[in-house]
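The values are calculated or read from the model by the stated rules, or taken from the named source; none is laboratory data. Computed from a predicted structure; not experimentally measured. Backbone-built Cβ (ideal geometry, glycine too); neighbour counts: all protein chains shown.
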Amino acid sequence: MPAQAPQLVQMFQTMRDVGSVVVGLERLAEFGRSDRFDAYRGQLLEFVASGLSFADVNEHERPLLRHAYSESHEVLNILDALSSLERPQVVRREMLRVLAGDVSPRRARHYVELAGSVEQASEMGELESLRHLVEAPIENLGTRESNSADIQSTEEAPRNFAFELWLATLIHRAGLRATKAEPDWVVDARIGPVGIAAKRIQRNSALGHRVREASAQIAAQDAKGATVGGLVAVDLTLAYDLHRKHWVVRRAAETGQLHLTIASVLQQNRAVILNAIRNRPGVIGVVLHAKALVFVRETQTLATVRPILVASTVAGKHPHAIWLTEFAASIQP
């Protein structure tokens, strides 16, 4: 077992909110039965009730246990954030889509490390390894879109819907109302209805194709007069492989360093993504996002680091650009 394994053992021995997640999952019953989250609850409940340390869990089950916790924690946070919406039926309908699907998809498992790196954790002193990890080239967006298409299987659909609902929590945080409509959401903005097209990218080679696909969706709604512009929202977590590692920091303040490092990588790729949608009708900007799990050793807590970068495609004095600046400030945590 790698030398850093005891850090992850300690993480699960002291992660007090595992039990609260188990209790929280009972709330999902109001949306109907979900085989996936029933299985997650069973895994977490068995772990809590067993009294075992993480080290006693079969090494092949450890990634699945982390996976169960991560997806459960995410969906409960979304549910909490959207519980006060005026149209709860929208949340109910979308939650049913999120709760569907397989327990463990063959591709792109959230926070499940690959065989051979199951117990590895990274210290803040190894931030250069993060930079190396996430700076896979995406500048070659190319034109061979048939070869660059993302693998969008039905087993990933519930996780894609979860990303869409997470975007709804940002809209809600900004104090705005949103309608579930094409392209994915339509925001009731001061400048008029603004569409949001969400894309969860699994491979860097697919980025250009998926961004242009989102642009086409926005343009179609703009042409119908349904919107006055739109944003392309992109989740790059899987494309950057950030889901494969748990980052370990000594103190809570150091999570800020990790946040800035991931944000700087988003910033570096911002121009490339903007270039892919330049002159696309209706697109007024992009929302870039990536997330990573980090364990804070000092407080024995698990946190999610998720930088959000908003970039405009329109001139600075344009009303759309002014609104986008306000929106960007209002959605930051």
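Results, tabulated for the structure shown:
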{"quantity": "Single residue of 93, 33, 62, 16 found to be at pLDDT below 85 and in contact with a Phe, Trp or Tyr (Cβ under 8 Å, 6 or more places away or on another chain)", "calculated": "62"}
{"quantity": "Selection within the range 36-53 - modelled with pLDDT under 75 and of a type outside the set (A, V, I, L, M)", "calculated": "51, 53"}
{"quantity": "Any chance residue 205 is buried (at least 24 other Cβ atoms within 10 Å of the Cβ) and among the polar types (S, T, N, Q)", "calculated": "no"}
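Residue by residue, here is whether (1) at pLDDT 85 or above; (2) under 21 Å from residue 170 (Cα atoms) holds:
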| site | (1), (2) |
| --- | --- |
| 221 | yes, no |
| 235 | yes, yes |
| 278 | no, no |
| 281 | yes, no |
| 284 | yes, yes |
| 300 | no, no |
| 305 | yes, yes |
